[in-house]
1. Could you tell me which residue out of Ala92, Leu271, Pro125 lies farthest along the dipole of the chain toward its positive end? Charges go on the beta carbon: Lys and Arg +1, Asp and Glu -1, centred on the Cα centre.
2. For the stretch 361-375, list residues with backbone N below 11 Å from a point placed 7 Å from the Cα of Leu185 toward its Cβ?
3. For the stretch 226-281, taking Cα atoms only, what is the radius of gyration to one decimal and the Dmax to the nearest whole Å?
4. Where the accessible area of the stretch 41-175 is counted over protein heavy atoms with a 1.4 Å probe, how much of it, in %, is carbon and sulfur?
5. Any idea how far the Cα center of the stretch 330-385 sits from the one of the stretch 1-67, in Å?
6. Using θ = phi - 60° and the Karplus curve 6.51 cos²θ - 1.76 cosθ + 1.60, what whole-Hz ³J(HN,Hα) does each residue of the stretch 73-78 get, with Gly and Pro shown as x?
7. Excluding ligands, DNA and RNA, what is the solvent-accessible area per residue of the chain at a probe of 1.4 Å, expressed in Å²?
8. Could you tell me the largest-minus-smallest coordinate of the C-alpha atoms of the stretch 32-97 on each of the three principal axes, in descending order and whole angstroms?
Amino acid sequence: MRTSTEDLDLFHIARRQFDRAVPFVHPLEGWRGMAEMLFKTERTIKLTLPVVLDDGFVHNFEGYRVLHNNVRGPGKGGIRFHPDVDENEIKALATWMTWKCALTDIPFGGAKGGVACDPKTLSEPEKRRITRRFIAALGDDLGPHTDIPAPDLYTDSQTMAWVYDTYSMMHPGQNNLPVVTGKPLDLGGSVGRETATAQGMFYVFEHLVSTGVLQSLEGLAGLTVAIQGFGNVGRNAARIFNKAGARIIAVSDSQGGIHDPEGLDLAQVELQKDETGSVIETPGTKPLDHREVLEVPCDVLVPAALQTQITTANATQIEAKVVVEAANGPITPEADDILGDRGIPVVPDILSAAGGVVVSYFEWVQNLANEQWTEAEVQDRLRTTMLRAADAMVTNRAELVDRLGDYQEAWTKVQPDAPPLPHPTLRTAAHVFAVRRCRRAMEQRGIWP
Ligand code: NAD
């Protein structure tokens, strides 16, 4: 097995990405204190959650809720259940939520939460008790105008219904629907939220292809696509690409992957997943291990599972023409460099995985107004928002490339020993745009007092 020697701590990765943006966020004079303020997390809550499991014994889980920055609005971000959840992971994810909301111009800040637990071994009532304990312990640190959770890895609309119910029991007599998004449709959820992350990713992808930004791809018909992850994001991405005429040639989940260079029969893969809990052993497919799916020769690779999946250990093995991130943080900065050197563009997560928070915002607006928008209205607004953000990233990248010499000169004055600025990628351009917007908001508000 190939191993990576780079630092895979997610918060350190978020920092390295931020540091790549800093030289472009002018003016640089006096910027260091502001930059530190923008990167630091505003609040980190760490909880011990004692919960009685079905065995009758008390088990103690660790829960986290991080508010990264709320300069542009209340904190917004998902809750994940996963055994690897730790403080730095949640801090990094909260940071990326700030940049996502700024890039898409959603009036929210960044937040994230998680409980270190193994959802695969938990019964439904156990998950409900963990959720209720977590939300009750967070108390008034959540709120419709302070910090608003949503689904993420191994949590779903059912989990959000429990979040809503718990908060509502603690705050009777008021409209609590906007305290959480990603709720079931019967409980104030928005149409289009379930598919929003994958759909938003696809709108961006389609736009970047049609405007020639992803030059190695000529159109959508017949494209070959490999997808890592077959949950909310990965499965919906497969459906959407398939419907657009692309061929899904490989998919994977936590148990392994499957491959068919002629194109998988998606209906059969979905049936296999529903009946057995995994895509593996779908009849007529070749087995892959869950890492190999990343290395399948294809036009488009969509990581839609976990973070740090493409590292220095496997970046040289990626055989895709384009990588479109649907998971949060699937590629390390060092792997980004390798892919860049190999001419493989990466559409960055803070743009291509932002569809979920965009429709979460729509849900929040609908809840505040007690309205229910139509599917067409949601899709129209989602597409407009995603395309506007994509255009902002592309225009910004062109500006950074054109003026790289000026940025280099200004940076050398404040950091004489710094290495030359790297060629700005789409990720750096997206970060620069988002960080600039947060900085402007911070300056307009002024630093309290
Ligand atoms: P999910 O729980 O619905 O699905 C996760 C999928 O990943 C499952 O199919 C699981 O089997 C698979 N998986 C787990 N470990 C794997 C491994 N080692 N190799 C391959 N597959 C593996 O979660 P989701 O909501 O689809 O989230 C997936 C990613 O997308 C996460 O990074 C999440 O943060 C990100 N994301 C989710 C949303 C959202 O709205 N749900 C929004 C933005 C970003």
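The values are calculated or read from the model by the stated rules, or taken from the named source; none is laboratory data. Keep in mind that this is a model prediction, so the values were computed, not measured. Note that we place each Cβ from the backbone using ideal geometry, even for glycine, and neighbour counts take in every protein chain shown. Surface areas here come from the heavy atoms of the whole protein model, side chains and all, with no ligands, DNA or RNA. Shrake-Rupley method; radii C 1.70, N 1.55, O 1.52, S 1.80 Å.
1. Ala92
2. 375
3. 9.9, 28
4. Its accessible area is 48 percent carbon and sulfur atoms.
5. The two parts, judged by their Cα centres, are 20 Å apart.
6. Ordered by residue, 3J(HN,Hα) equals x, x, x, 9, x, x Hz.
7. 41 Å²
8. 52, 20, 16
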